[in-house]
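Here the structure is laid out as structure tokens; the discussion comes afterwards.
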Amino acid sequence: YQVSQSLRASILGRRPDDPLRLPTEEQLAGHYGVSVLTMRQALKELEEERLISRHRRRGTFIEPGARRSAPRRLLGSIDAIVAQQSGERTTILDHGPGPVPGEIADHFPGLDEVVMYKRLRCDGESGEPTNWAENALRPEIAASLDLADLERWPMTKVLRDAVGVRISRVTDTVEARLADPMTAELLHVPLLSPILHYTGVTYDVEGQVVDVARIRYRGDRFSFSVTVEAP
């Protein structure tokens, strides 16, 4: 499992000019420090996912269509955040009021209840699930939100353009986690496989938190980059 996960990440994170032909089973087994049999099983998993093709006497090749989604950038304007979230098909899984989750309680002092929205996002071309999101909104903000808007636009755009929230900033945090049962099922990944867990906190011009987004990205499809520019 660990070998297939590592090789999968290498395949999907390769550069466009990298060769498509993989080393032999023996060479890969030596690189990962496993037996040839274990390596063969790992390659079989990747072949079943159509990430590679294996040809007798010719070798093993990466499928040209195997790709990683474009990197997510963590700095930029609100418009940049909206743009990078667009282009995905969104399905609303669930929504409604509920207790403030303990993990984000510090962002909603004095509130016992928030309105939660759960959404699944899929690639606009392939339909493959890429991430799923939980948003916690203040009840007075959620009261003005139209679900139809959430199926068309990212939450940031809905809050700013449809609800009329005057957004001052969005803070981003990304950390590595392991896929829980719900994430594994929704994103079609193995249980406990690596994912990227993103937390985005949206503030209005008065400094109040209006939305906390927690998004689980497939670890084999996404990377995050940060650019620091001198003034």
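Here residue 106 does not qualify as surrounded by fewer than 17 Cβ atoms within 10 Å (Cβ to Cβ), closer than 16 Å to residue 215 by Cα and among the acidic types (Asp, Glu).
Residues in segment 177-231 that are surrounded by 17 or more Cβ atoms within 10 Å (Cβ to Cβ), in contact with a Pro (Cβ under 9 Å, 6 or more places away or on another chain), of a type in the set (D, E, K, R) and at pLDDT 85 or above: 2 in all.
Only residues that are outside any loop (DSSP other than H, G, I, E, B), farther than 23 Å from residue 188 by Cβ and modelled with pLDDT of 90 or more were counted in segment 1-50, giving 12.
Could you please give the count of residues in segment 125-138 that are in contact with a strand residue (DSSP E or B) (Cβ under 9 Å, 6 or more places away or on another chain) and exposed (fewer than 12 other Cβ atoms within 10 Å of the Cβ)? So the count comes out to 1.
Taken as a whole, the structure leaves residue 148 outside the set of residues that are farther than 17 Å from residue 96 by Cβ and assigned to a helix (DSSP H, G or I). Close contacts from segment 155-184, counting a first residue that is under 20 Å from residue 221 (Cβ atoms) and a second that is exposed (fewer than 12 other Cβ atoms within 10 Å of the Cβ), with Cβ to Cβ under 8 Å and a gap of 6+ residues or different chains, come to 179/191; 180/191; 181/191; 184/191.
Looking at 183, 173, 130, which one is hydroxyl-bearing (Ser, Thr, Tyr) and not in a strand (DSSP E or B)?
Values: 173 fails: not in a strand (DSSP E or B); 130 fails: not in a strand (DSSP E or B).
Matching residue, one of 183, 173, 130: 183.
The values are calculated or read from the model by the stated rules, or taken from the named source; none is laboratory data. These numbers were taken from a predicted model, which means no experiment stands behind them. Backbone-built Cβ (ideal geometry, glycine too); neighbour counts: all protein chains shown.
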